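Below is one structure, written out as structure tokens; comments come after it.
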Amino acid sequence: MCCTMGTHGTIGHIVDLPYFHFTNNTHASTMAPSLFPILAISACILSSCTQLVHAREHDSQSKALTWPTPEAANRPGAYWWWMGSAVDKENITWNMENMRKNGMGGGTIVPIYGVNGYEDQFIEHLSPKFIDMMSHAAKEAERLDMWVDMTPGTGWPFGGPFVTEQWCDTRAKLEKDNTLTLFPGRKVKRAAPGGAGLCIDPYSSAAMRRYLSYYDKAFDRDDITLPRAFYHDSFEFQGNWSRTLPDEFKKRRGYDLMDHLPVLFGKESYVESETAARIKSDYRETLGDLHLEYIEALEAWAQSKGRTTRNQAHGSPSNLLDVYAASGIPETETFGATPFQIPGIRRQANNVREDYPQPLINRMASSAAHVAGRKLISSESCTWIRNHFRAALSQAKPEVDQLLLNGINHMLFHGTCYSPKGAPWPGWLFYASFEYNSRNAIWRDAKFLNAYITRCQSILQTGEPDNDVALYWPIYDLWHDPDPKKMQLMLTVHHTEWLTESTCGKTAQWLKENGYGFDYISDRQLRADLSNPYQVVVVPKTDHIPLATLEKLFALADSGQPVIFLNQLPTDVPGLQNLENRRSELKQLLSGREKLVVSTGNLKQSLANTTVAREPMSDVGVDFIRRTHQHGYHYFVANMSAQPVDGWVALGVPFASAVIMDPRSADSGMASQRGGKEIYLQLLPGESRIIRTFDKKQVDGPVWPVLVETGAKPLTVTGQWKVNFVDGAPKLPQAFATTDLNSWTEQDDVEAKRFAGTARYSIEFDLPAGDADNWIIDLGEVRESARVILNGQLAATLYSIPYSAPVGRYLKPGRNKLEIEVTNLSANRIRDLDIRQVDWKIFHEINFVSHDYKKFDASQWPLTPSGLLGPVRLTPMKTHEME
């Protein structure tokens, strides 16, 4: 039997019934008795179908409050270094299964230098055995519902023994007699066995194709599985030249660069600054074009094999937006620790670097992806957020949030090493890693951070980006720098003033602070057909702009697309060739266009006159990113400020109904709303939410509670805590009892002072009588992550600020049992090894260094506080009934 709905919600077809013919004088009472059961059955079927329709409606409603079923790409990944490529199939599987069990989605294979004592197990790069190992990892990824990527090279950048001087990274030096001397630039850094040699020319697509031909030969087998994507690291080449540069320059710029070498190299005693700037701009643009074609050749090669690329454009002298967009998965990078305003995030001077991530630069990768229509935007994340074994999950989570807020939706931790099962602790390690692996104590609760990221990314990888503002990036103003000491301009993530101190960067910061979603856009992207329907184009104060770009901007303005020039119209064209004619054309183009100019002070009002959606939540310290879904919008919001948010918050896009979803707890509920514009939002510093809105659909479901204090005094849990060590190494310390919560390193127990692992704190307490609807537990200070167990049930997993959660459903009147399992860092254990001079730093090349690239020595570290420091409080809460 089938049941289908008609066009207006009626039953269209119920069941095929036997045909009966009734005459005019036929009465119901004279119907054949056999008909009544049939009609009864029909009525039952109608009732059943109605119930089915209601069930479908209920199912549709419930889906509005549920998380997507996670896919492999939703889960976070990690850089996965293969030291000496000394891997075997059994341990590849063991490593990957450990990752998968803890909620990881995959890894990026990077072969590097080896480990002392294992030289007989090294595998030559691209040898048949190496290809077997690579293929085994890719096949295991398929079995485990994971992904594996790989760098087509060893260490970084691309290069190796088959790169000759004709095709290598090349430096040019201008001699006193104005002759040019060419010599090789960088060699492969941190090379694996079989991978040492010169780096390839990053300004030559021919060099890239020749280089990849060696991989074609190695991959020419029917029995292998290739990785999902091929990874290209950030630009760390040293060359300033290419052997094809003079010909390419002449073809693209229209004059001979060789006639201007003294100006380019800053060698003349007097160099007219404008001429130098124009020659250098043309030189830099040409290098950018050539590097873009180099990356395009890599992507074309990957696609020919049914694969794609992940590429980090930053560091190069190119237009980063174009180079990011040329890969299937654009990738940014964070390096160092952000000085967050969130109270309680520890930032000791001896545990952080001076440099830190710049979100405005991270947004370049996501902008390129949004413009180019790429689904995934990845990040090399959490590099050097703290020193080895002194980095906590609580310090990683806000870095992840900051990336999510800037459009990154495919997180890769930096990272983990392949390590054989039998290697003595701490196993094989990479010198700049977060050590995100099963040998680090933080791994026990890392599964909860991984689950958080998975939930966020399961949302943020769907739908379409919804940034209304396209912000033009005036790269030619950068390229017009006449400084005689500069030839290339390397646009790195470490020195960020090239963006932050520019008019574009300052405009970007203003847009962010004032609640506007925006993407950067390049000249090339602007002149193409945009895949993202931006509501307005903003051009920051720009001095040099190509005529073709300006023509496109004016064409957009003439078609009705709002275009705003901040403070002035562009004043000049870039480059040297045919300069006066182009200046004349510029003057004609600019005539009568002054009405498009808006002062910085009037930008907010000008944007208000467009269809751009401003998010007022930014006014109360809430950061956001917004994406569309089939019936409305998804927001990821986070409170990265120092103050709590508790009140009505307006959304920039009207809605009929809204759902609040907590990616940490996985709870969800209907938001209290007001007028189709506001929701009631409660966010402590460090907290985040997904908000799912529906344009027209009225969704029903459990209400997300608005909790307020009852006014009764919070209960501080006091008494005798029993502390038992349940998991960790090198040896479980002795259990103890205490009435004072402090670091377990203060116990008179040598094992406690070097222990890395988990202790269970147990206590019983009486819950005060009262009319509380819920209770909030606050653990106070936790070093470093905690699982809260109430009356035998896991009530909360707390690994980052705030260390609090509602737990009322797990409490009962009268006597309750509270257990808190706290896991510390591995700092004290590694400190102990160095104090005892255990030889664990057994790696080739750089071996092992600290976060400031000095010799790593933990023997002088003070003991790191560990355990539950408290105080632990339970606060009675009542549900506030919203009008």
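The values are calculated or read from the model by the stated rules, or taken from the named source; none is laboratory data. Owing to the predicted nature of the structure, the values given are computational and were not obtained by experimental measurement. Cβ: placed from backbone, ideal geometry, glycine included. Neighbour counts: every protein chain shown. When the accessible area is computed, the model is the full protein with side chains, heavy atoms only, and any ligands, DNA or RNA have been set aside. Shrake-Rupley method; radii C 1.70, N 1.55, O 1.52, S 1.80 Å.
Scanning the range 821-845 for residues that are touching a residue at least 40 places away in the same chain (Cβ under 8 Å), of a type outside the set (D, E, K, R) and assigned to a loop (DSSP other than H, G, I, E, B) turns up N824, L825, S826, W840, I842, H844.
Restricting attention to the range 460-486, the residues being open to solvent by less than 30 Å² (accessible area, probe 1.4 Å) and either among the aliphatic types (A, V, I, L, M) or more than 26 Å from the chain's Cα centre (by Cα) (or both) number 8.
I'd like the full set of residues that are under 18 Å from the mean Cα position of the chain (by Cα) and either open to solvent by 50 Å² or more (accessible area, probe 1.4 Å) or more than 12 Å from E399 (Cα to Cα) (or both), limited to the range 343-361. The answer is Y356, L360, I361.
For the range 595-613, filtered to residues that are out of contact with any Leu (no Cβ under 7 Å at 6 or more places or on another chain) and open to solvent by 60 Å² or more (accessible area, probe 1.4 Å), the residue that is farthest from K397 (Cα to Cα) is K595.
Please go through the range 316-336 and pick out each residue that is touching a helix residue (DSSP H, G or I) at 6+ places or on another chain (Cβ under 7 Å) and closer than 18 Å to N387 by Cβ.
T334 - this is the single residue of the range 316-336 that is touching a helix residue (DSSP H, G or I) at 6+ places or on another chain (Cβ under 7 Å) and closer than 18 Å to N387 by Cβ.
Restricting attention to the range 304-334, the residues that are polar (S, T, N, Q) and either modelled with pLDDT under 95 or part of a strand (DSSP E or B) (or both) add up to 5.
Could you please let me know if T507 is in a helix (DSSP H, G or I), of a type in the set (V, I, T) and on the phi < 0 side of the Ramachandran plot?
yes
Tell me which residues, restricted to the range 362-380, are in a helix (DSSP H, G or I) and surrounded by fewer than 23 Cβ atoms within 10 Å (Cβ to Cβ).
Correct list: A372 only.
Pairing each residue of the range 846-873 that is farther than 29 Å from S762 by Cβ and open to solvent by 10 Å² or more (accessible area, probe 1.4 Å) with any residue that is at pLDDT below 95 and of a type in the set (A, V, I, L, M), provided the two are 6+ apart or on different chains, yields C-beta distances under 8 Å for V849/A432. Scanning the range 621-670 for residues that are among the aromatic types (F, W, Y) and either open to solvent by 20 Å² or more (accessible area, probe 1.4 Å) or assigned to a strand (DSSP E or B) (or both) gives F624, Y633, Y635, F636, W648.
Summed over the range 526-572, the residues that are in a loop (DSSP other than H, G, I, E, B) and within 19 Å of R582 (Cβ to Cβ) give a count of 8. Does the range 505-522 contain any residue that is open to solvent by 40 Å² or more (accessible area, probe 1.4 Å), modelled with pLDDT of 95 or more, farther than 19 Å from V469 by Cα and out of contact with any helix residue (DSSP H, G or I) (no Cβ under 7 Å at 6 or more places or on another chain)? Taking every residue of the range 505-522 in turn, none turns out to be open to solvent by 40 Å² or more (accessible area, probe 1.4 Å), modelled with pLDDT of 95 or more, farther than 19 Å from V469 by Cα and out of contact with any helix residue (DSSP H, G or I) (no Cβ under 7 Å at 6 or more places or on another chain). Being touching a residue at least 40 places away in the same chain (Cβ under 8 Å) and open to solvent by less than 20 Å² (accessible area, probe 1.4 Å) holds for only one residue in L245, L182, and it is L245.
Residues considered: F340, F335, F265. Of these, the only one that is closer than 30 Å to E784 by Cβ, surrounded by fewer than 23 Cβ atoms within 10 Å (Cβ to Cβ) and touching a strand residue (DSSP E or B) at 6+ places or on another chain (Cβ under 6 Å) is F335. Search the range 693-708 for residues that are free of Cβ contacts under 8 Å to residues at least 24 places away in the same chain and pair each with any residue that is outside any strand (DSSP E or B) when their beta-carbon atoms are under 6 Å apart and the residues are at least 6 apart or on different chains. Close Cβ pairs (under 6 Å, with a partner that is outside any strand (DSSP E or B)) do not exist here. Can you find even one residue in the range 819-832 that is open to solvent by 60 Å² or more (accessible area, probe 1.4 Å) and either within 14 Å of N351 (Cβ to Cβ) or at pLDDT 95 or above (or both)? No, because not a single residue in the range 819-832 is open to solvent by 60 Å² or more (accessible area, probe 1.4 Å) and either within 14 Å of N351 (Cβ to Cβ) or at pLDDT 95 or above (or both). Within the range 530-548, identify whether any single residue is farther than 30 Å from G647 by Cα, surrounded by fewer than 16 Cβ atoms within 10 Å (Cβ to Cβ), within 31 Å of the chain's Cα centre (by Cα) and not charged (D, E, K, R), and answer yes or no. Yes - at least one qualifying residue is present in the range 530-548.
Close Cβ contacts (under 7 Å, 6 or more residues apart or on different chains) running from residues in the range 78-89 that are under 19 Å from A446 (Cα atoms) to residues that are of a type in the set (D, E, K, R) and at pLDDT 95 or above comprise Y79/E380.
Being open to solvent by 10 Å² or more (accessible area, probe 1.4 Å), within 30 Å of V849 (Cα to Cα) and touching a residue at least 40 places away in the same chain (Cβ under 8 Å) is true of W443.
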